[in-house]
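Presented below is the structure to which this report refers.
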Amino acid sequence: MAERSLPDETVELIDHETAFQGYFKVGRYFFRHSLYQGGQSAVISREVFERGHAAAVLPYDPRRDEVVLIRQFRAGSFVAGWHPWNWELVAGIFEEGETPEQLVRREAVEEANLRIGDLLPIHSVMLSPGAMSETCAVFLGRIDSTNAGGIFGLESEGENILVKTMPFGEARAMMDRGEIDNAVAVIGLQWLALHRDGIRDRWR
């Protein structure tokens, strides 16, 4: 984690407990922190959703100028009142001892039957820092999209994943129309839009 704190930004953890443990975990934290006008806050209690840390990859074929996106049911979107199937990047949660690069290569095979070649880091982001501890390392991954597409996922994990290859221009137009609303997918596609010419030259 890069050092980004301003002077006098400090926090003290007072206590921590598990508020809920099911498929996911919610922790309850008690802390006090410095105030910009000086002094310390009162002790504050916050619940934090803790599901581990993630990595994601945008599979890209520079020769065909195609990306691969996946689509699956998402309970959070349903509860929010949004359409519960989302266009997303290949992604997953770290297993013990796994690096981000290893994670996205494993998930590319499991979720999309893809072999990732070169990997370029795009960004590491906090997904919802007010309520979640989850971070996501986002990559661009070089692929051959010739035979990409189909339905994949691990049945043991309840996954039913549509894998679709599309021209980059089509994916960008979908994003501009609001049809791609997954934050990590937007980050990956926006980054590729900014760097696409250089990537295609580099990955000839």
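Arg106 passes every criterion in (1) of a type outside the set (A, V, I, L, M); (2) in a helix (DSSP H, G or I); (3) touching a residue at least 60 places away in the same chain (Cβ under 8 Å) apart from (3).
Taking the criterion of being at pLDDT below 95 and assigned to a loop (DSSP other than H, G, I, E, B), the only residue of the range 54-80 that qualifies is Arg74.
Within the range 34-63, being crowded, with 19+ Cβ neighbours inside 10 Å and either under 18 Å from Gln21 (Cβ atoms) or among the aromatic types (Phe, Trp, Tyr) (or both) holds for one residue alone: Tyr60.
For Gly150, the requirement of being in the same structural domain as Phe78 (by TED's automatic domain parsing), over 19 Å from the mean Cα position of the chain (by Cα), at pLDDT 95 or above and at positive phi is met. With respect to Trp191, is the statement that it is aromatic (Phe, Trp, Tyr) and closer than 30 Å to Val48 by Cβ true? Taking the combined requirement at face value, the residue satisfies it.
Could you check the range 127-149 and list, in sequence order, the residues that are outside any loop (DSSP other than H, G, I, E, B) and either over 30 Å from Thr165 (Cβ atoms) or in contact with a helix residue (DSSP H, G or I) (Cβ under 9 Å, 6 or more places away or on another chain) (or both)?
Of everything in the range 127-149, those that are outside any loop (DSSP other than H, G, I, E, B) and either over 30 Å from Thr165 (Cβ atoms) or in contact with a helix residue (DSSP H, G or I) (Cβ under 9 Å, 6 or more places away or on another chain) (or both) turn out to be Met132, Cys136, Ala137, Val138, Phe139, Leu140, Gly141, Arg142.
Filtered by the rule that a residue be surrounded by fewer than 17 Cβ atoms within 10 Å (Cβ to Cβ) and of a type in the set (Asp, Glu), the range 111-136 gives a lone residue, Asp118. A single entry from Leu194, Leu189 fulfils the requirement of being surrounded by fewer than 12 Cβ atoms within 10 Å (Cβ to Cβ) and in a helix (DSSP H, G or I): Leu194.
Set side by side, the residues Ala91, Ala19 differ, and just one is under 21 Å from Val186 (Cα atoms) and part of a strand (DSSP E or B), which is Ala91.
The values are calculated or read from the model by the stated rules, or taken from the named source; none is laboratory data. Note that this is a predicted model, so its numbers are computed, not measured. Glycine gets a Cβ as well: all are built from the backbone with ideal geometry, and neighbour counts include every protein chain shown.
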